[in-house]
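One structure is given below, represented as structure tokens, and several questions about it will come after.
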Amino acid sequence: MAVAVARGALALSIGLVAVGSGAGLSPARGETLPAPCCDDLEERLAELNSTSIRSGASKLSFRLYGQVNRALLLWKDGFDSSDHVVDNHTSSSRFGFVGQTTLKPGLTAGYRLEIETNFPSSDEVFNGPDGRTGLPAGSNQPRVRQNYWTLNSRDVGGLSVGYQSPATDDLTIINLGSQMNDAPVHYNNAFRIRLDLAKPAIITDLTWGQIAHNVDSLRGNFVRYDTPIINGFLLSAAVNDDIWDVALRYQKDANAFRFAGGIGYMNDAGHDFEDVRGSASLIHDPSGLYASIAGGVRDARHSLAGPDHPAYFYYAQVGISKQWISFGKTTVYADYGLYRDFNIDEPLSINPDTGLPVVWGTLTSTEVRRWGFGIEQGIDAAATTLYAQAHFYDPKIVGYPCDFVQPNVCGGNPANTTSLPAGSWQGFVFGARIQF
């Protein structure tokens with residue numbers, strides 16, 4: 001992510017972006033194409049290898065790109081432990097196509113189609129009732145990640161329409177150091193919180209992703225506009241039937257330092273919340289020392305009436321990213337984050353795997369503190385990043401139990417709160433991302 005996140009967002013205003021180190025359709029290094037069976041096939045291969053498609057007097061440039069990012073996840077939820085090979089949600093496996101044509105000097109049109117092949121995604125695996133890693137039904141299916149067309153003017157900016165990122169997407173993951181770790185939850189998002197109230201521990205329907213939260217925007221069908229870059233600033237806005245948002249990004253290189261940051265606002269009527277969030281990152285290139293921070297505040301309306309209590313989070317990462325060895329840059333970092341009062345005023349149920357979950361009560365306060373560390377090693381000649389990470393999450397969950405004075409009604413006294421003995425979560429990740 002790192003520079004690609006910040007610069008990728010800026011590049012959208014002046015042209016269609018090719019994510020990763022996109023390549024043409026020529027064979028990979030060390031490979032040869034099979035001999036064509038006929039003249040038609042030979043002509044078709046020559047056409048594809050030229051990476052351009054001509055129609056009349058127009059010329060449409062075409063590019064194929066993608067990446068594979070697989071990792072071994074070792075986890076412990078405070079009671080059980082297991083392992084699973086996952087596709088890393090931080091930067092998922094995908095492939096895509098981009099095309100662009102020049103309508104006249106300073107005006108271009110293009111399209112982008114990107115397919116995600118995360119089988120299974122690290123944000124979907126969870127702790128099953130038997131202590132093994134579970135998978136949701138239908139998780140091993142490819143899905144569209146981007147599918148939109150764009151019209152870009154050098155002087156006016158860019159308009160894009162279709163399935164894509166809203167303006168605030170990636171605002172919390174701007175990081176000029178680490179490419180494989182940031183403020184969102186990537187590995188225990190779907191893991192269920194367990195309570196030490198019985199033997200074995202009780203499973204709840206509350207997930208880590210609900211109280212630590214992903215803190216990022218979801219893609220959808222949007223109409224989006226990006227201004228031209230003016231003195232390092234880029235202003236973006238997006239809208240659909242339920243959501244509208246706006247974001248401001250900034251990038252600056254000065255002397256030995258590089259800076260990238262952004263801030264944005266989203267109003268989501270469909271999920272009944274509004275929030276402000278952003279991040280910033282600064283690196284000193286000669287030494288490689290860097291620091292990245294992220295934070296946000298969310299005002300959400302919940303299913304039960306409760307006090308006005310906005311949720312918030314903050315996250316910080318410090319490290320060093322420097323090329324000590326010839327074949328690529330090495331990054332070493334440590335991070336810390338806090339996520340408070342996400343998913344409050346919502347009911348908490350236990351034993352969701354039995355088919356007859358029981359409502360325990362209502363959440364009044366949640367808190368997750370996380371810390372961790374990691375190392376990444378780039379191999380530039382192979383467009384590969386190797387990484388190892390350690391993650392530690394500790395929860396604090398408070399709520400009041402149901403009062404069954406009335407049959408089948410979960411009431412209760414909001415003043416009669418209790419702190420639930422929730423188990424912590426630990427994860428160790430070892431993987432590699434290969435781009436093409």
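The values are calculated or read from the model by the stated rules, or taken from the named source; none is laboratory data. The structure presented is a predicted model; accordingly, all values stated were derived computationally and were not measured. Methodologically, a virtual Cβ is constructed for each residue, glycine included, from the backbone with ideal geometry; neighbour enumeration extends over all protein chains shown. SASA here: full protein model, heavy atoms, side chains in, ligands and nucleic acids out. Shrake-Rupley method; radii C 1.70, N 1.55, O 1.52, S 1.80 Å.
When the residues of the range 66-78 are filtered to those that are over 19 Å from the mean Cα position of the chain (by Cα) and either buried (at least 21 other Cβ atoms within 10 Å of the Cβ) or without any contact (Cβ under 8 Å) to a residue 60 or more places away in the chain (or both), which remaining residue is nearest to TYR393 (Cα to Cα)?
The extreme case among them is ASP77.
Here is a yes/no grid of residues against (1) among the basic types (Lys, Arg); (2) open to solvent by 60 Å² or more (accessible area, probe 1.4 Å); (3) outside any strand (DSSP E or B):
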site	(1), (2), (3)
ASN188	no, no, yes
LEU206	no, no, no
GLY209	no, no, yes
VAL223	no, yes, no
PRO228	no, no, yes
ALA247	no, no, no
LYS252	yes, yes, no
ALA260	no, no, no
GLY264	no, no, no
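Before we move on, is SER160 in contact with a Phe, Trp or Tyr (Cβ under 7 Å, 6 or more places away or on another chain), of a type in the set (Ser, Thr, Tyr) and not in a strand (DSSP E or B)?
Taking the combined requirement at face value, the residue does not satisfy it.
Go over the candidates ASP216, ASP285 one by one and state the one that is open to solvent by 40 Å² or more (accessible area, probe 1.4 Å), among the charged types (D, E, K, R) and closer than 27 Å to ALA390 by Cα.
Only one candidate qualifies: ASP285.
Here's something else I'd like to know. Taking into account only those residues within the range 79-115 that are within 14 Å of LEU64 (Cα to Cα) and charged (D, E, K, R), which is farthest from the chain's Cα centre (by Cα)?
So the residue we want is ARG112.
Next question, about the same structure. I need a count of the residues in the range 339-392 that are at pLDDT below 90 and among the hydroxyl-bearing types (Ser, Thr, Tyr).
Result for the range 339-392: 1.
Shifting gears a bit: Under 7 Å by Cβ, and 6 or more places apart or on different chains, what pairs join a residue from the range 89-109 that is in a helix (DSSP H, G or I) with one that is aliphatic (A, V, I, L, M) and open to solvent by less than 20 Å² (accessible area, probe 1.4 Å)?
THR90/MET180; SER91/MET180
Criterion first (outside any loop (DSSP other than H, G, I, E, B) and more than 22 Å from GLY431 (Cα to Cα)) does LEU171 satisfy it?
For LEU171, the condition - outside any loop (DSSP other than H, G, I, E, B) and more than 22 Å from GLY431 (Cα to Cα) - is not met.
Now, a different point. Take TYR315 and decide whether it is hydroxyl-bearing (Ser, Thr, Tyr), open to solvent by 80 Å² or more (accessible area, probe 1.4 Å), in contact with a strand residue (DSSP E or B) (Cβ under 8 Å, 6 or more places away or on another chain) and not in a loop (DSSP other than H, G, I, E, B).
No; evaluated as a whole, the condition is false for this residue.
Determine which single condition THR90 fails, assuming it passes every other condition in (1) out of contact with any helix residue (DSSP H, G or I) (no Cβ under 6 Å at 6 or more places or on another chain); (2) polar (S, T, N, Q); (3) modelled with pLDDT under 50.
Only one criterion in (1) out of contact with any helix residue (DSSP H, G or I) (no Cβ under 6 Å at 6 or more places or on another chain); (2) polar (S, T, N, Q); (3) modelled with pLDDT under 50 is unmet by THR90, namely (3).
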